[in-house]
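Participant: Structure below; questions to follow.
Since every read-out is calculated from the coordinates, none of them should be taken as a lab result. Note that this is a predicted model, so its numbers are computed, not measured. Neighbour counts are summed over all protein chains in view; Cβ atoms, including those assigned to glycine, are modelled from backbone coordinates with ideal geometry.
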């Protein structure tokens, strides 16, 4: 019965229109309709005054205010219990109505979060509102708020980025991708969410939690320095391994280093880092060792340098580079 009374009461009170009226946001016709509703009954006039009073008091609310139904119910009952003639169902309906109005007011007066969305046209560095730093790979899409809220520092990533996060135990930093969620307090790490079927996180400093989206409790892993977590769409599980990828952050520094690596390993790194198609026509050279460093080099010139070391030539056929005699 109380629920029915409450539902009827809430449906009959135009709360949002009253608040808009108090903020001078109603059109002439809307204002006339509201005034007609107020004039209909004494009950409507009382309800209008109550909502107006709550609205005026709400101006002193903190932005991080969270409605507390239990406290609201206790407060209303303290007032209504003084009036013994009020039926219990009316008290319950009034309490629920009070909570409903407060909640409505909270969402109406809370400032909306403004988001910034960037698609990097080249390698791009971003300084976030908390002074954390993010470096985006070309074509990476990144979305973050102009101001982080008290509950957490949430950002959204499509692509690959390197993060240097300012420590804040009270405000975790959360990176959301299409398939996974990474939560940190303060650390340095790389996220690669470029491929649809797999994603990985590599930790340089500190500790992060890494989990498939919406599976934070059942399938969460913790990664520390020099560990890589790889998520695969096939089984939606995360595998932890030691970082064994050469030049994993070469795109950050622009430097590629090799020390006694086989020519096959060098070619595979060029494929991964520069997204080049390369074939080695001379299979006898696969395990020849190479040592060298390239700083912000042009990929084609770097490949020619490697080939020259072994007296090989680089031929380009369509989009494929072929190392041959």
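Participant: In what sequence, highest mean first, do 277-286, 226-235 appear when ranked by Cβ atoms within 10 angstrom? Don't jump to the answer; show the numbers that get you there.
Facilitator: Values: 277-286: 13.6, 226-235: 16.2.
Order by mean packing, descending: 226-235, 277-286.
Participant: Right, another one. Please work out the FRET efficiency for the pair residue 22 and residue 149, using the Cβ-Cβ distance as r and a Förster radius of 35 Å; give the result to the nearest 0.05.
Facilitator: Working: r = 26 Å, r/R0 = 0.75.
In this case the efficiency is close to 0.85.
Participant: Would you mind calculating the relative contact order of region 221-310 from Cα pairs under 8 angstrom and at least 6 residues apart, reporting the percent as a whole number? Don't jump to the answer; show the numbers that get you there.
Facilitator: Numbers: 85 pairs, mean separation 22.1, N = 90.
Computed over region 221-310, the figure is 25 percent.
Participant: Further question on the same structure: Give me the number: length gained by fully extending residue 271 to residue 324, i.e. 0.36 nm times residue separation minus the C-alpha to C-alpha distance, one decimal in nm. Could you put the intermediate results ahead of the total?
Facilitator: Numbers: separation 53, 0.36 × 53 = 19.08 nm, distance 1.70 nm.
Length difference between fully extended and current span is 17.4 nm.
Participant: Using the Cα gyration tensor of region 250-324, with a ≥ b ≥ c the square roots of its eigenvalues, what is the shape: rounded (a/c below 1.5), prolate (a/b larger than b/c) or oblate (neither)? Mind dumping the intermediate values first?
Facilitator: On the way: a/c = 1.74, a/b = 1.21, b/c = 1.44.
In terms of gyration-tensor shape, oblate.
Participant: What order do you get for 204-215, 15-26, 34-45 when each peptide is scored by the mean count of other beta carbon atoms within 10 Å, highest first?
Facilitator: Values: 204-215: 17.5, 15-26: 15.7, 34-45: 12.8.
For the peptides 204-215, 15-26, 34-45, the packing ranking is 204-215, 15-26, 34-45.
Participant: Same structure again: Determine, for each peptide in 177-187, 139-149, the mean count of other beta carbons within 10 angstrom over its residues, then list the peptides with the highest first.
Facilitator: Working: 177-187: 19.3, 139-149: 15.9.
Result, highest mean Cβ count within 10 Å first: 177-187, 139-149.
Participant: Could you tell me the extents of region 117-242's C-alpha atoms along the three principal axes, largest first, rounded to whole Å?
Facilitator: Extents along the principal axes: 36, 33, 26 Å.
Participant: What ranking do 321, 222, 274 get, fewest neighbouring Cβ atoms within 10 angstrom at the top? Walk me through the numbers before you get to the answer.
Facilitator: Values: 321 22, 222 14, 274 18.
Ranked by crowding around the Cβ, least crowded first: 222, 274, 321.
Participant: Same structure again: According to a simple spin-label model (label point 7 Å from Cα along Cα-to-Cβ), what is the distance in nm between residue 115 and residue 232?
Facilitator: Each label point lies 7 Å from its Cα, and together they span 3.2 nm.
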